[in-house]
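Shown next, in structure tokens, is the structure this report addresses.
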Amino acid sequence: MRGAKILITGPTGQVASPIAQALAADNEVWGIARFTNPAAREVLEKAGIHCETVNLAAGDFDRLPSDFDYVLNLAVAKSGDWDKDLGANAESVGLLMAHCRTAKAFLHCSSAAVYDPPDDEPRSERAALGDNHKPLFPTYSISKIAGEVVARTMARVLDLPTIIARLNVPYGDNGGWPFYHMEMMLAGIPIPVPAGDAARYNPIHEDDIIATIPKLLEAASVPAVTVNWCGDQTVSLQDWCHYLGSLVGKEPVFETSPQALRGNPTDVSRMHELVGAGTVDWQDGLRRMAAKCHPELVG
């Protein structure tokens, strides 16, 4: 992507920050957030990103242009407050789409947390939805499902090409769930796991996230299209913890907990049809993350 005017929400977040910085090299990128951390804003501005303070849930877009070529809605809320999270994860989607109704494409980042967890078979985009993350984040799954519905509705109302991409364990040099597990091991904190078999996922490295964005935008349509945004390899939480432990010299300690999330593997068939396969092997990606965060431990 070159020469496009792109709006990114939540650019200080783990997923959005590297995306914004990568796209800013060849495009005019705007980032909107509350920007409560001045240092995070400074990093983005040094990368050439136009930062504007906006309350997404309030739809406060007075100072924001509307002539964007593409919109990447990557902001997320997990406060546990139903009014706040429905406003930030769902209502704001419709308000933003209405403001940017002339865009060529709108990418709404959802989550594999929207799937119902009845078993450990890979979920296709047609699988049942449910309150997957209730044990840890009581508002998250439901508000993300609501956000998808708003995006689907507004795509039809505004005739705005839209794609809904369900992320499954994003990680990379900027962190992610495996990063927190690594830090827990280093701190000697047990890692909660569900009872039964290993909890399997399809982690996706930030390099593959960035690389697939242009094709995801090309695939946007009316009605909106939905696709799993995930890695090609199915890996268990236990396996990536053992591997990270071997890198940093710590053996993971697992603790069975009723609050631990169950495995959530996702089917990659539709993603392959739309954007192709990923390129980053999970062990290579985790080694890079560990070396970035702890160069004193990992060569």
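A residue that is over 18 Å from the mean Cα position of the chain (by Cα) and either over 23 Å from PRO18 (Cβ atoms) or buried (at least 16 other Cβ atoms within 10 Å of the Cβ) (or both) occurs somewhere in region 198-213. Considering GLY130, GLY147, the condition of being of a type in the set (Gly, Ala, Ser) and closer than 23 Å to GLU218 by Cα is satisfied by GLY147 alone. Taken over region 49-92, residues that are in a loop (DSSP other than H, G, I, E, B) and β-branched (Val, Ile, Thr) amount to 3.
Taking the residues in region 63-103 that are in contact with an Asp or Glu (Cβ under 6 Å, 6 or more places away or on another chain) and closer than 17 Å to ASP131 by Cα as candidates, determine which candidate is surrounded by the most Cβ atoms within 10 Å (Cβ to Cβ). Looking at the filtered set, the residue picked out is ALA77. Count of region 25-46 residues, restricted to those that are among the aliphatic types (A, V, I, L, M), within 24 Å of ALA77 (Cβ to Cβ) and not in a helix (DSSP H, G or I), is 3.
Here THR256, THR234, THR279, THR266 are screened, and the one residue that is in contact with a Lys or Arg (Cβ under 7 Å, 6 or more places away or on another chain) and farther than 20 Å from CYS109 by Cα is THR234. In region 124-220, counting only strands (runs of 3 or more DSSP E) that sit wholly within it, the ones holding 3 or more residues that are touching a Pro at 6+ places or on another chain (Cβ under 8 Å) span 170-172.
Can you name the residue in region 241-268 that is at pLDDT 95 or above and touching a His at 6+ places or on another chain (Cβ under 7 Å) and is also nearest to ASP116 (Cα to Cα) among such residues? So the residue we want is CYS241.
Would you confirm, using the coordinates I've provided, whether THR279 is among the β-branched types (Val, Ile, Thr) and under 17 Å from the mean Cα position of the chain (by Cα)? Taking the combined requirement at face value, the residue does not satisfy it. For GLU273, the criteria (1) within 19 Å of VAL235 (Cβ to Cβ); (2) more than 17 Å from the chain's Cα centre (by Cα) hold in every case but one, which is (1).
Is there any pair with a first residue in region 82-97 that is under 14 Å from SER110 (Cβ atoms) and touching a residue at least 12 places away in the same chain (Cβ under 8 Å) and a second that is among the charged types (D, E, K, R) and part of a helix (DSSP H, G or I) whose Cβ atoms are under 8 Å apart and which are 6 or more apart or on different chains, and what are they? That search, which allows pairs on different chains as well, returns ASN89/LYS144.
Looking only at region 266-296, residues that are of a type outside the set (Ser, Thr, Tyr) and assigned to a helix (DSSP H, G or I) come to 18 in all. Restricting the first member to region 238-257 and to residues that are at positive phi, and the second to residues that are outside any helix (DSSP H, G or I) and of a type in the set (Ser, Thr, Tyr), no beta-carbon pair is closer than 9 Å while six or more apart or on different chains. Evaluation of VAL193 against the conditions (1) of a type in the set (Val, Ile, Thr); (2) within 30 Å of ARG101 (Cα to Cα); (3) in contact with a Ser or Thr (Cβ under 9 Å, 6 or more places away or on another chain) shows that the sole unmet condition is (2). In this structure, SER141 does not qualify as of a type in the set (S, T, N, Q) and within 28 Å of GLU218 (Cβ to Cβ). Per the listing ALA165, ALA224, the residue uniquely in contact with a Cys (Cβ under 8 Å, 6 or more places away or on another chain) and buried (at least 19 other Cβ atoms within 10 Å of the Cβ) is ALA165.
Note on region 237-259: residues that are touching a helix residue (DSSP H, G or I) at 6+ places or on another chain (Cβ under 9 Å) and either of a type in the set (A, V, I, L, M, F, W, C) or surrounded by 14 or more Cβ atoms within 10 Å (Cβ to Cβ) (or both) amount to 13.
The values are calculated or read from the model by the stated rules, or taken from the named source; none is laboratory data. Since this is a predicted model, take the numbers as computed values, not measurements. Every residue, glycine as well, gets a Cβ built from its backbone with ideal geometry; the counts of neighbours run over all protein chains shown.
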